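Following: one structure in structure tokens, then a few remarks.
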Amino acid sequence: MTLLGERLRTDQVRTIPARAPQARTDQVRADRPRSNQADAAPQTALPAALVAISHGTSSADGQAAIAALVDAVALARPDLSVTGGFVDVQQPDIAASLGALRPNRAAVVVPLLLSAGYHVHVDLQRESRVPGRVTTVSRALGPDDRLIDVLEHRLAAAGFTAQPGREVVLAAAGSSDTRAVEDCRRIGEMLAQRLGVRVTVGFLSAASPRLACAVTEARLRSDSVTVSTYLMAPGFFFDLTRAQSAGAESVTSPLLVPGEPAPAPLVDLVVGRYLEAKAHAGLF
């Protein structure tokens, strides 16, 4: 089983220069999923269940947006048993989500998390170990080109067009795990390549530069600054994003918006992570 991480500090805003567009590539990483087959009973011929685990939030809008994504995944793959669960704040937790599955059915836990930090590398690995059930944890959702598709769509919806003198600041939650921070920086690089403009990553917690500082520095350099929200759904961190974006012309919506269908690239990404982890673990 696999994946999430801690500390990267820098006192200056890290700026990612625009690069020439590159061909889309699937982000293959070394931290491949590993299955937990200890104490597992023989499996039936049923395909492994897809258990989508998000962080959890007290925001009603955020809860609705995540639920809509899980529903969309289930609709896209009616041949699978698809269920949701949460790392924190909400119920069911991981153990309860796995416990609700048919006995002896294998499960692939897909983190609905954008980067691989502590939750993916530690929490999910530990809590997914259930006696009598084969489980494996997939990679985090990011980095991946399909996330860039959604970010680009949200930017267009906010009125952003890629022109000289315009800059994007990517707002990420942040982590004390350097692996998660580097995942976010990689997404910033990929977005810069896609748009052909300068992209700076600003963090809301734990890592530097902080979003407010990144926006201020970008405003000194550029005629127009747009904040691209790299968060799964509305909630505490999106409120913080808007509060720390003074000086920006606009702030995009998160990847998921309540009341809107879950973006097709995001649904495809969740299913893709499931299939990848299932194949790697040798599950049916």
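The values are calculated or read from the model by the stated rules, or taken from the named source; none is laboratory data. This structure is a prediction, so every number in the text was calculated from the model and none was measured. Neighbour counts are summed over all protein chains in view; Cβ atoms, including those assigned to glycine, are modelled from backbone coordinates with ideal geometry.
Quick look at the numbers
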quantity: Candidate set from region 248-273 (those that are among the hydroxyl-bearing types (S, T, Y) and either free of Cβ contacts under 8 Å to residues at least 12 places away in the same chain or surrounded by fewer than 22 Cβ atoms within 10 Å (Cβ to Cβ) (or both)); member that is nearest to V82 (Cα to Cα); calculated: S253
quantity: Qualifying positions in region 227-257 - in contact with an Asp or Glu (Cβ under 8 Å, 6 or more places away or on another chain) and either in a strand (DSSP E or B) or in the same structural domain as H55 (by TED's automatic domain parsing) (or both); calculated: none
quantity: Pairs with Cβ under 6 Å, 6+ apart, first in region 94-105 and in contact (Cβ under 8 Å) with a residue 40 or more places away in the chain and in the same structural domain as D123 (by TED's automatic domain parsing), second assigned to a loop (DSSP other than H, G, I, E, B) and not polar (S, T, N, Q); calculated: L98/V130; N104/A41; R105/L46
quantity: Helices (runs of 4 or more DSSP H) wholly inside region 12-128 containing at least 2 residues that are surrounded by 14 or more Cβ atoms within 10 Å (Cβ to Cβ), modelled with pLDDT under 95 and not basic (K, R); calculated: 124-127
quantity: Criterion: on the phi > 0 side of the Ramachandran plot and not acidic (D, E) - qualifying residue of G132, G99, G117; calculated: G132
quantity: Odd one out for S115 among (1) within 17 Å of R194 (Cβ to Cβ); (2) polar (S, T, N, Q); (3) in contact (Cβ under 8 Å) with a residue 24 or more places away in the chain; calculated: (1)
quantity: Selected residue [in contact (Cβ under 8 Å) with a residue 40 or more places away in the chain, under 29 Å from Q63 (Cβ atoms) and of a type in the set (D, E, K, R)] from R198, R210, R154, R242; calculated: R154
quantity: Where a residue in region 68-84 is within 15 Å of S54 (Cβ to Cβ) and its partner, wherever it lies, is assigned to a helix (DSSP H, G or I) and among the hydroxyl-bearing types (S, T, Y), with Cβ under 6 Å and at least six apart; calculated: T83/S97
